[in-house]
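Participant: The following block contains the structure, expressed as structure tokens.
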Amino acid sequence: MTLDITTSASESPRSEAEVSEILVNPGFGTHFTDHMFTVEWTHEKGWHDARITPYGPLSMDPASAVLHYAQETFEGMKAYRHEDGSIWSFRPYENAKRMARSSHRLAFPVLDPEDFVQAVDALVAVDQRWVPEGTGEKSLYIRPFMIASEVFLGVRPAQHVTFMVIASPAGAYFKGGIKPLTLWLTEEYTRAGRGGMGAAKTGGNYASSLVAQQEATAHGCDQVVFLDVAEGKYVEELGGMNMYFVYADGHIVTPETGTILEGITRSAIIDLAQKRGHSVEERKISIDEWREGVASGEITEVFACGTAAVVTPVGTLRWDGGEVAGSTEAGPLTLEIRQALVDIQYGRADDSFGWMHRITER
Ligand SMILES: *Cc1c(COP(=O)(O)O)cnc(C)c1O
């Protein structure tokens, strides 16, 4: 707790009735809470002027560096309401440390992980009535982000940086049952190469994924799979989710880190699977191993994971000229791991890994 946060409360917060109505069916990323958190950085002052203010538009100079050179990094996390009314986040220091790593890659100053967590906790506490009941897997999605706010068109690491946190209630990712995704294998576009930004959570990676996602949609697929840049042969990840493969003998493979985003869900699943007696290999897995494994039955389940969807089964893999049809139902281990994770997040299972962080009492 090193930030000195001032709070100016909104004079026109949403009414209780409006909030309740939004929380019935919050969707994703369209409704925002009454407040936002901001802290700024300059060389002279370091991080300063931490504040919670009413949520609203930013006034920005058109020459702000982020608008031109994409010096930006963000995080995605959730606050969960437990049955007793208390509010918790999941491994927030992992998000904070990842933002510090992304900051290094994007030549930003680092925000101390303690300050990051303090900022998130403070905003959630102020806007706690926006955290939905945990039933139906609703949550408050939290979006911390850092931008180059310096007004300057020269190319250099920004001398003025702004870190903000906003929050948005989120409904269950799957409405009407958990259904496997159909994936499109892009052979044209890649995500990140050695030395690139693949491991940083930055808007640029998403900007570069959009055209591939369009290609996926045009082919009737839900999401796109990226292969490695060097050989165009090894599975990396989806636009915003990591991947897992379950083999008939019970062992599990997930692509190794380096050029992929180091998902916190991905890392939790390694622990959950190992606790259940599965051996987990972090290694390269080629697209041929996937295609042939599913066709021969050696790979029995494929799933993707990330904060938004938690764990989502993968069915068919399609590419230019062919497809391998996967299961039309979620596999048993996919569902078991998903349930185990969700139960910890919503306080229905013992938090034996110490992953949960309490934000409010009730
Ligand atoms: C955020 C993200 C993920 C998932 O990470 P989690 O910490 O599990 O939410 C996976 N891939 C990419 C590219 C991401 O940006």
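The values are calculated or read from the model by the stated rules, or taken from the named source; none is laboratory data. Because the structure is a prediction, the values reported are computed rather than measured. No Cβ is skipped: glycine too gets one built from the backbone with ideal geometry, and neighbour counts run over all protein chains shown. SASA here: full protein model, heavy atoms, side chains in, ligands and nucleic acids out. Shrake-Rupley method; radii C 1.70, N 1.55, O 1.52, S 1.80 Å.
Participant: Suppose we keep just the alpha-carbon trace of the stretch 58-150; what are its Rg and Dmax in angstrom?
Facilitator: 15.3, 48
Participant: Determine how many Å³ per residue the convex hull of the Cα atoms of the stretch 82-125 encloses.
Facilitator: Residue-normalised Cα hull volume stands at 65 Å³.
Participant: Is the stretch 164-244 rounded, prolate or oblate when judged by the Cα gyration tensor, a ≥ b ≥ c being the square roots of its eigenvalues, rounded requiring a/c under 1.5 and prolate requiring a/b larger than b/c?
Facilitator: On the way: a/c = 1.99, a/b = 1.23, b/c = 1.62.
Judged from the Cα gyration tensor, the stretch 164-244 comes out oblate (a/c at least 1.5, b/c at or above a/b).
Participant: May I ask you to compute the full-extension gain from residue 59 to residue 327, defined as 0.36 nm times their residue separation minus their alpha-carbon distance, rounded to one decimal in nm? Each step should come with its number before you reach the end.
Facilitator: Details: separation 268, 0.36 × 268 = 96.48 nm, distance 4.94 nm.
Going from the current span to full extension adds 91.5 nm.
Participant: Per the 1.4 Å probe, what fraction of the accessible area of the chain, in percent, lies on carbon and sulfur atoms? Let's see the in-between values first.
Facilitator: On the way: 8050 of 15990 Å².
Carbon-and-sulfur percentage of accessible area, whole number: 50.
Participant: Now a separate question. If you build a Gaussian network model of the chain, linking Cα atoms that sit under 10 Å apart, which residue out of 198, 240, 232 swings the most?
Facilitator: Among 198, 240, 232, the largest GNM mean-square fluctuation belongs to 232.
Participant: Indicate the gyration tensor shape class of the stretch 199-248 (rounded, prolate or oblate), computed on the Cα atoms with a ≥ b ≥ c the square roots of the eigenvalues: a/c under 1.5 is rounded; otherwise a/b larger than b/c is prolate and the rest oblate. Each step should come with its number before you reach the end.
Facilitator: Details: a/c = 1.60, a/b = 1.19, b/c = 1.35.
Taking the square roots of the gyration eigenvalues as a ≥ b ≥ c, the stretch 199-248 is oblate.
Participant: Running a GNM on the chain with Cα contacts under 10 Å, which residue among 212, 17, 158 ends up with the highest mean-square fluctuation?
Facilitator: Result: 17 has the largest fluctuation of those listed.
Participant: Show me the GluC sites (Glu not before Pro) within the stretch 49-95 that DSSP assigns to loop and that have at most 12 other Cβ atoms within 10 Å of their Cβ. Before the final figure, lay out the partial values.
Facilitator: On the way: sites: 72, 75, 83, 94; in loops: 75, 83.
Answer by residue number: 83.
Participant: Dividing the convex hull volume of the alpha carbon atoms of the stretch 1-54 by its residue count, what do you get in Å³ per residue? The partial results should precede the final answer.
Facilitator: Numbers: hull volume 6.3 nm³, N = 54.
Cα-based convex hull of the stretch 1-54, divided per residue, equals 116 Å³.
Participant: While we're here: Let me check something: with ligands and nucleic acids excluded, how do 42, 190, 2 order by accessible area (1.4 Å probe), largest to smallest?
Facilitator: Numbers: 42 25, 190 65, 2 105 Å².
Largest accessible area first, the list is 2, 190, 42.
Participant: Stokes-Einstein diffusion coefficient for the stretch 121-271 at 10 °C in a medium of 1.306 mPa s, Rh from the Kirkwood formula over Cα pairs: what value in µm²/s? List each step's numbers first, then the result.
Facilitator: Values: Rh = 18.3 Å.
Value of D from the Cα-based Kirkwood radius: 87 µm²/s.
Participant: How much length is gained if the chain between residue 288 and residue 101 is pulled fully straight, taking 0.36 nm per residue apart and subtracting their Cα-Cα distance, in nm to one decimal?
Facilitator: 64.1 nm
Participant: On to the next question. Of all the C-alpha pairs in the stretch 247-362, what % are more than 22 Å from each other? Don't skip to the end; give the middle numbers.
Facilitator: Values: 2543 of 6670 pairs.
Counting pairs separated by more than 22 Å, the tail of P(r) holds 38 percent.
Participant: Below 11 angstrom from the Cβ of residue 14, what's the summed charge of the other residues (Lys, Arg +1; Asp, Glu -1)? The partial results should precede the final answer.
Facilitator: Values: positive: 129; negative: 16, 18, 21, 34, 127.
Net of charged neighbours comes to -4.
Participant: Dipole of the stretch 78-130, Cα-centred, from +1 at each Lys and Arg C-beta and -1 at each Asp and Glu C-beta, to the nearest 20 debye? Walk me through the numbers before you get to the answer.
Facilitator: On the way: 8 positive and 8 negative charges, 70 e Å.
Magnitude of the dipole: close to 340 debye.
Participant: Over the chain, with a Gaussian network built from C-alpha contacts below 10 Å, which listed residue (67, 181, 111) shows the highest mean-square fluctuation?
Facilitator: 67
Participant: Efficiency by 1/(1 + (r/R0)^6): what FRET value for residue 68 and residue 48, r their Cβ-Cβ distance, R0 = 35 Å, to the nearest 0.05? Before the final figure, lay out the partial values.
Facilitator: Numbers: r = 25 Å, r/R0 = 0.71.
Taking R0 as 35 Å, the efficiency between residue 68 and residue 48 is 0.90.
Participant: Give the accessible surface of the chain per residue, rounded to a whole number of Å², with probe radius 1.4 Å and ligands, DNA and RNA excluded.
Facilitator: On the way: 15990 Å² over 362 residues.
Per-residue accessible area for the chain comes out at 44 Å².
Participant: Moving to a separate point now. Among the listed pairs 175/233; 233/275; 78/275; 45/201; 45/138, which have their C-alpha atoms separated by more than 29 angstrom in this model?
Facilitator: On the way: 175/233 34 Å; 233/275 31 Å; 78/275 24 Å; 45/201 26 Å; 45/138 39 Å.
Distance filter (> 29 Å) returns 175/233; 233/275; 45/138.
Participant: Working from the pairwise distances between different alpha carbons, so that the mean of 1/r is found and then inverted, what is the chain's Kirkwood radius in Å? Could the numbers behind the result be given before it?
Facilitator: Working: mean 1/r = 0.0465 Å⁻¹.
Result for the chain, one decimal place: 21.5 Å.
Participant: Among the chymotrypsin sites (Phe, Trp or Tyr not before Pro) in the stretch 272-362, which ones are in a DSSP loop with at most 15 other Cβ atoms within 10 Å of the Cβ? Mind listing them?
Facilitator: Working: sites: 290, 303, 319, 346, 353, 355; in loops: 346, 353, 355.
Passing sites in the stretch 272-362 are 353.
Participant: Work out the length of the dipole vector of the chain about its Cα centre, built from +1 on the beta-carbon of each Lys and Arg and -1 on the beta-carbon of each Asp and Glu, and round it to the nearest 20 debye.
Facilitator: Details: 31 positive and 50 negative charges, 37 e Å.
It comes to approximately 180 debye.
Participant: Test of understanding: express the Cα radius of gyration of the stretch 1-140 as a ratio to 2.2 N^0.38 Å, with N the residue count. List each step's numbers first, then the result.
Facilitator: Working: Rg = 16.3 Å, N = 140, 2.2 N^0.38 = 14.4 Å.
Compared with the compact-globule rule of thumb, the stretch 1-140 sits at 1.13.
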